[in-house]
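**Student:** Please see the structure below; I have some questions.
The values are calculated or read from the model by the stated rules, or taken from the named source; none is laboratory data. Note that the structure is predicted; figures quoted are calculated from it, not measured. Neighbour counts are summed over all protein chains in view; Cβ atoms, including those assigned to glycine, are modelled from backbone coordinates with ideal geometry.
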Amino acid sequence: MASQSPFFGKRDRDSDSLTSRPAPLVGSGTNLSGSPVGSSPSSVPASVANTAANAAKESGAKLTVGPNIKLKGVEITDCDTLVVEGLVEATMDSRVMQIAETGAFKGSAGIDIAEIRGIFDGSLTVREKLVIHATGKVSGKIRYGKLVIEEGGQLSGEVSVGTSSADKSASKPAAPLQAAA
């Protein structure tokens, strides 16, 4: 008769109960810059600092590329929020992008809200708001709806306001009127 391994035996439910583990503190932790959640840098209005955080809370699919991780040669789809703490070389379309101080993104991105504390290099279209923090460096072909740059933040390359074809048609000069003879 084979004996049953203790590994597959019954577990003592009292010692391994989910309720015996301490619950995490709600609202505790830090944001990408290492600041405690709930506090914002004094140089940035609270509404700006919390824009991406609020959008991230509402979203569903979230991809985090951790520190020392390199993600190259991909197309990222169906991602609501991308958090970059390592290196990403990709093409993507998303709602929110957050690049940490240690993070870098190279490639092409279409984003609703971008919060940059690290490095972005490539083609970036931000449909709503681009926030570049003091440690952020953004270069390449950049289009944005609204722009906030914290003191120390860098923006270089081909930069233009407006992200849709409606913006292009609105900025075209009107055809000259001809007098009737």
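**Student:** For the stretch 63-95, name all the residues that are closer than 24 Å to Thr163 by Cα, under 10 Å from the mean Cα position of the chain (by Cα) and surrounded by fewer than 19 Cβ atoms within 10 Å (Cβ to Cβ).
**Tutor:** Asp80 - this is the single residue of the stretch 63-95 that is closer than 24 Å to Thr163 by Cα, under 10 Å from the mean Cα position of the chain (by Cα) and surrounded by fewer than 19 Cβ atoms within 10 Å (Cβ to Cβ).
**Student:** Residues that are in contact with a helix residue (DSSP H, G or I) (Cβ under 7 Å, 6 or more places away or on another chain) and modelled with pLDDT of 95 or more: which strands (runs of 3 or more DSSP E) entirely in the stretch 92-152 hold 2 or more of them?
**Tutor:** 104-116, 119-132
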